[in-house]
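S.K.: Once you've had a glance at the structure underneath, I'll fire off some questions.
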Amino acid sequence: MRKPIVAGNWKMYKTFDEAVDFVEEIQQAIPSPEKVDAVICAPALYLPTLVVAAEDSSLAIGAQNMHFEDEGAFTGEISPAMLSNINVDYVILGHSERRELFNETDEAVNKKVRAALNHGIVPIICCGETLEEREAGSTESKVAGQMTKALEGFSAAEVEHMVIAYEPIWAIGTGKTATADDANAVCGSIRAVVVNLYGKDTAEKVRIQYGGSVKPENIEELLAKEHIDGALVGGASLQPASFMKLLEAAA
Ligand code: PEP
């Protein structure tokens, strides 16, 4: 049995005050950590404060990106060493917005996954196809290519602790959700990639989230599917009530 994991991706939303109020409001009401892993991936500027605000609860705090080097002349970047030093637990890597708008490559994602593991940070590795790729029938080859590259060079023991997020780009922030069956089929194909690379035991342990317009109304149907172990959620993670409903549905 894989424990569900629901992660909010706040992107570049919320003021500092709003972020702190959110965490203070929900932290004591998070469902049992035995039932669901709850994560908020906040803007980097807020991370140290939110880690402290959430420390007496089971809410984990994650980053939305990081560099792969520990330090160096990389103006504006944040390193894995910096994140682990302030006890950040998760980092989203290879989100389609990073890939499309900030030229993040599969190679960079792979280096970031390595760096995250070196620092004890759980990577949430994103993959997903564009609408054109879906219509051309190349969804599975696209995500297989992205994940094969992202997962290059690890041990099976390392891979089983990773989280993968399947996020069809056409479903992110658009209100369009993949049907639960379609999402499950692609998540199943990603698990098959992990079987090929690292074996069945490892693939059975890796958690695969679906992301793309997940909301309280559709999360249960998605999570009922065999290969969907959680959700990566943008818009519906921004309001405490909505995020709590997602967690309760997953628990
Ligand atoms: C995301 O940002 O990863 C995402 C899935 O956004 P939304 O839930 O708003 O589609």
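The values are calculated or read from the model by the stated rules, or taken from the named source; none is laboratory data. Owing to the predicted nature of the structure, the values given are computational and were not obtained by experimental measurement. Reconstructed Cβ throughout: ideal geometry from the backbone, glycine too, with neighbour counts over all protein chains shown. Quick note on the areas: whole protein, heavy atoms, side chains included, nothing else; ligands and nucleic acids left out. Shrake-Rupley method; radii C 1.70, N 1.55, O 1.52, S 1.80 Å.
S.K.: Select, from Y198, Y166, the only residue that is under 15 Å from D229 (Cα atoms), modelled with pLDDT of 95 or more, of a type in the set (S, T, Y) and surrounded by 20 or more Cβ atoms within 10 Å (Cβ to Cβ).
M.R.: Y166
S.K.: Still on this model: Which members of segment 1-33 meet the condition of being surrounded by fewer than 16 Cβ atoms within 10 Å (Cβ to Cβ), assigned to a loop (DSSP other than H, G, I, E, B) and not charged (D, E, K, R)? Show your work before the answer.
M.R.: Kept after step one, since they are surrounded by fewer than 16 Cβ atoms within 10 Å (Cβ to Cβ), are these residues of segment 1-33: 1-3, 12-13, 15-18, 21, 24-25, 28-29, 32-33.
Checking the rest, the ones that are also assigned to a loop (DSSP other than H, G, I, E, B) come to 1-3, 12-13, 15, 32-33.
Correct list: M1, M12, Y13, T15, S32, P33.
S.K.: Whether any residue in segment 102-109 is surrounded by 22 or more Cβ atoms within 10 Å (Cβ to Cβ), farther than 19 Å from G8 by Cα and touching a residue at least 24 places away in the same chain (Cβ under 8 Å) is what I want to check.
M.R.: Yes: segment 102-109 contains one or more residues that are surrounded by 22 or more Cβ atoms within 10 Å (Cβ to Cβ), farther than 19 Å from G8 by Cα and touching a residue at least 24 places away in the same chain (Cβ under 8 Å).
S.K.: If you check K176 against the conditions, is it over 30 Å from S79 (Cα atoms) and either within 12 Å of the ligand (Cβ to nearest atom) or open to solvent by 40 Å² or more (accessible area, probe 1.4 Å) (or both)? Let's see the steps before the verdict.
M.R.: Numbers: over 30 Å from S79 (Cα atoms): yes; either within 12 Å of the ligand (Cβ to nearest atom) or open to solvent by 40 Å² or more (accessible area, probe 1.4 Å) (or both): yes.
Taking the combined requirement at face value, the residue satisfies it.
S.K.: Something else about it: Only one of these is open to solvent by 30 Å² or more (accessible area, probe 1.4 Å) and within 14 Å of the chain's Cα centre (by Cα): R134, R114, R98. Name it.
M.R.: After applying the criteria, what remains is R98.
S.K.: In segment 34-64, how many are open to solvent by 30 Å² or more (accessible area, probe 1.4 Å), touching a helix residue (DSSP H, G or I) at 6+ places or on another chain (Cβ under 9 Å), part of a helix (DSSP H, G or I) and not small (G, A, S)?
M.R.: Within segment 34-64, residues that are open to solvent by 30 Å² or more (accessible area, probe 1.4 Å), touching a helix residue (DSSP H, G or I) at 6+ places or on another chain (Cβ under 9 Å), part of a helix (DSSP H, G or I) and not small (G, A, S) number 2.
S.K.: Let me ask something else about it. Inspect segment 65-72 for any residue being out of contact with any Lys or Arg (no Cβ under 7 Å at 6 or more places or on another chain), at positive phi and in a loop (DSSP other than H, G, I, E, B) and give the result as yes or no.
M.R.: To start, the set of residues in segment 65-72 that are out of contact with any Lys or Arg (no Cβ under 7 Å at 6 or more places or on another chain) comprises 67, 69-72.
Adding the requirement that they be at positive phi leaves 72.
Now narrow it down to the ones that are in a loop (DSSP other than H, G, I, E, B): 72.
Yes, because at least one residue in segment 65-72 is out of contact with any Lys or Arg (no Cβ under 7 Å at 6 or more places or on another chain), at positive phi and in a loop (DSSP other than H, G, I, E, B).
S.K.: Within segment 103-143, count every residue that is among the aliphatic types (A, V, I, L, M) and over 29 Å from L83 (Cα atoms).
M.R.: So the count comes out to 2.
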